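Colleague: So that we are looking at the same thing, I have put the structure below in structure tokens.
Nothing in this text is a laboratory measurement; each read-out follows from the coordinates by a stated rule. For clarity, every value in this text was computed on a predicted model and none was experimentally measured.
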Amino acid sequence: MVKTGIFIVFEGIDGSGKSIHIKTLSKELHDLGYRVFITKEPTNRQIGYFLHNYAGQEKKRFLPETEVFLFAADRFEHVKYDIEPALRVGSIVISDRYYHSSLAYQGAAGAKVEWIRKMNNFAPNPDLAILLDILPDYSLYRTKRKRTLFEDTDYLRKVRAFYLDFAKDGELVKINAEKSKREVQEEIFLIVKNHLIVHGLWKEKD
């Protein structure tokens, strides 16, 4: 793929504020003259729709390896039908979740991380991956809707630990999402701005 755009991913457990911060960042970049494409995982395609329903049910979970296959299948279509086409036309693509979600969530459930990586080796690496870090107890307090299959406090502590390890290894840029929305958004914008400056893509507002 000949890529001309920038691929930014937001990771973190539910309740970390990914949706609102992606929306705000998108508006800030759009106002500066960038073409922005927002997307998410699971997608709204057929496999993603199944995964949304699966997360909302209360039955016994699949084996973590089965979940890896399902999320990877949805991700394959996400890459081919959404991410790559948007990057080819020069968009800044911002995704709410990507393969680090599989590494963290299914890794915490018992699947081997290196095997998960192999199952996702078709997926292009993001140019920038931001982790909105938050304690599980606080995240579940923030989440007012019915909890999903993946939102158990002890389980989310394991998921967070995986995320923090990836941040420690330099795969994710960690932001403390327990700060005020304004503080978090300012930090996000500065990180993205610096990334665009380094790659010669920064636009000054007219």
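Colleague: For residue 179, go through the aspartates and glutamates and keep the ones whose alpha-carbon is under 19 Å away, minus same-chain ones fewer than eight residues off.
Modeller: 11, 14, 133, 137, 187
Colleague: Kindly write out, for the range 78-95 in residue order, the coupling ³J(HN,Hα) from the Karplus curve 6.51 cos²θ - 1.76 cosθ + 1.60 (θ = phi - 60°), rounded to whole Hz, with x marking Gly and Pro.
Modeller: Once rounded to whole Hz, the list reads 4, 5, 6, 9, 10, 5, 4, x, 5, 5, 4, 9, x, 6, 8, 8, 10, 10.
Colleague: Which whole-Hz ³J(HN,Hα) couplings does the range 20-30 yield from phi under the Karplus relation 6.51 cos²θ - 1.76 cosθ + 1.60, θ = phi - 60°, glycine and proline marked x?
Modeller: Here the 3J(HN,Hα) series is 5, 6, 5, 4, 5, 4, 4, 5, 4, 5, 4 Hz.
Colleague: Still on this structure, please answer the following. Quick one: which of 27/158; 18/158; 60/112; 23/205; 59/112 span more than 26 angstrom between C-alpha atoms? Mind dumping the intermediate values first?
Modeller: Numbers: 27/158 33 Å; 18/158 19 Å; 60/112 20 Å; 23/205 19 Å; 59/112 23 Å.
Beyond 26 Å between Cα atoms: 27/158.
Colleague: Would you mind checking which residues have amide H under 5 Å from residue 40's amide H? H placed 1.01 Å from N; only 5 or more apart, or other chain.
Modeller: Sorted by chain and number, the residues that satisfy this are 96.
Colleague: Follow-up. Using the Karplus equation 6.51 cos²θ - 1.76 cosθ + 1.60 (θ = phi - 60°), what ³J(HN,Hα) coupling, rounded to whole Hz, does each residue of the range 49-65 give in order, writing x for Gly and Pro?
Modeller: Each residue of the range 49-65 in turn: 4, 4, 5, 4, 5, 4, 5, x, 8, 10, 7, 5, 5, 5, 4, x, 5 Hz.
Colleague: What value, in deg cm²/dmol to 500, does the helix sum -39500 (n - 2.57) over DSSP H runs of n ≥ 4 give at 222 nm once divided by the residues of the chain? Write down the numbers at each step before the final one.
Modeller: Numbers: 9 runs with 103 residues, N = 206.
It comes out at -15500 deg cm²/dmol, rounded to the nearest 500.
Colleague: Under 5 Å between amide hydrogens, which residues at least 5 positions from residue 173 or on another chain qualify, with H placed 1.01 Å from N in the peptide plane?
Modeller: 129, 130, 131
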